[in-house]
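Trainee: Below is a structure I'd like to ask you about.
Rule-based calculations on the coordinates, nothing more; no lab input. Nothing here was measured: the structure is a model prediction, and the numbers come from that model. All Cβ positions, even for glycine, are placed from backbone atoms using ideal geometry, and neighbour counts span all protein chains on display.
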Amino acid sequence: MSRPTIIAGNWKHNPDRSTGESLWREVVDGVEKRKSQLEKVRVLVIPPLPWLGLLGSTPVSQVELGVQHISDCPEGAFTGEVGPALAHQFGARWCLVGHSERRTLFGESDAHVAKRMRAALDHDLKPALCIGETLEEREAGLTQEVVARQLEEGASLCQETESIVVAYEPVWAIGTGVTAAVEQVEEVHGFLRETLREKWREGADEIPLLYGGSVKADNAGDLLGLDDVDGALVGGASLNAASFLGIVDAGIFAL
Ligand code: PEP
């Protein structure tokens, strides 16, 4: 079993051009300085699409790029869509699929998620399947049921040996400043690992499980120290280079 630690910064619909250019430079410089410690740590930046065109045209070895959403439409007359093949040509190697903001604000269903997971894999993008319960679902004792369904249905078109990542992001912890307690994360990640072992007998232990939801430099160490937490999906804190690099450091020291 050789899962890398993955620290992924989801810039969402940020930042503006001048802020983003300096943020990118600071992240790249900071990651470059840590190069010798990054053998088992992968650092990803997942910017909005216009940024991908810019950053993907000057690839840097230590920071990989991803997209926040992909279309599963084939190339052609689909105004507004961007599919995985095009994203790959512009430097993306990863994509988020089923982020809770896509599910709740843009009506993405588990069936859409499954098709986008398939489309990503078919075009050499590594998909991170985002799953997580709402506060109401947690309070109703439905957390395991919800994440098991999202995992099962979202990955239903993937094969056992295909390379995917799963990101557990409780909806109530995203962008709220409320991080899930270490015990809650440990419990859900343990459950997800067992569920993967039942579903994916061959490849289950190779699938990195990321945690996302108000991760910051000062709580990342405790989360990344857990056995079944193989990285972090970071929103707000990825918009500040020092905070993001602090989380990268936590990933390095957690190994
Ligand atoms: C996210 O966007 O996936 C996320 C976890 O955001 P934040 O870190 O701001 O909670």
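Trainee: Hey, quick one: spin label on Glu21, modelled 7 Å out along Cα-Cβ, who in segment 42-76 has an amide N within reach, i.e. under 13 Å?
Mentor: 54-55
Trainee: Which of Thr143, Thr134, Thr161 has the fewest other C-beta atoms within 10 Å, and how do the rest follow up to the most?
Mentor: Values: Thr143 20, Thr134 17, Thr161 9.
Arranged by neighbour count, lowest to highest, Thr143, Thr134, Thr161 become Thr161, Thr134, Thr143.
Trainee: What is the packing order of peptides 8-17, 203-212, taking the mean over residues of other C-beta atoms within 10 Å and listing the highest first?
Mentor: Top of the packing list down: 203-212, 8-17.
Trainee: At 222 nm, what value in deg cm²/dmol follows for the chain if DSSP H runs of at least 4 each add -39500 (n - 2.57) and the sum is divided by all its residues, to the nearest 500? Present the calculation step by step, with values, prior to reporting the outcome.
Mentor: Working: 10 runs with 106 residues, N = 255.
It lands at -12500 deg cm²/dmol.
Trainee: For the chain, what is the number of Lys pairs with C-alpha distance below 20 angstrom, counting only pairs 8 or more positions apart or on separate chains?
Mentor: 6
Trainee: Under a point spin-label approximation (7 Å from Cα along Cα-to-Cβ), what is the Asn14-Glu187 distance to one decimal in nm?
Mentor: With each label placed 7 Å out from Cα toward Cβ, I get 3.0 nm.
Trainee: While we're on this one: Arrange the following residues from fewest to most other Cβ atoms within 10 Å of their Cβ: Ser163, Ser18, Ser243.
Mentor: Ordered from fewest to most neighbouring Cβ atoms within 10 Å, Ser163, Ser18, Ser243 come out as Ser18, Ser163, Ser243.
Trainee: For the charge dipole of the chain, defined by +1 on Lys and Arg C-beta atoms and -1 on Asp and Glu C-beta atoms about the Cα centroid, which residue among Ile70, Ser109, Ala204 has the Cα displaced farthest towards the positive pole?
Mentor: Of Ile70, Ser109, Ala204, it is Ile70.
Trainee: Something else now. Report, in debye and to the nearest 20, how large the dipole of the chain comes out about its Cα centre when Lys and Arg carry +1 and Asp and Glu carry -1 on their Cβ.
Mentor: The calculation lands at about 780 debye.
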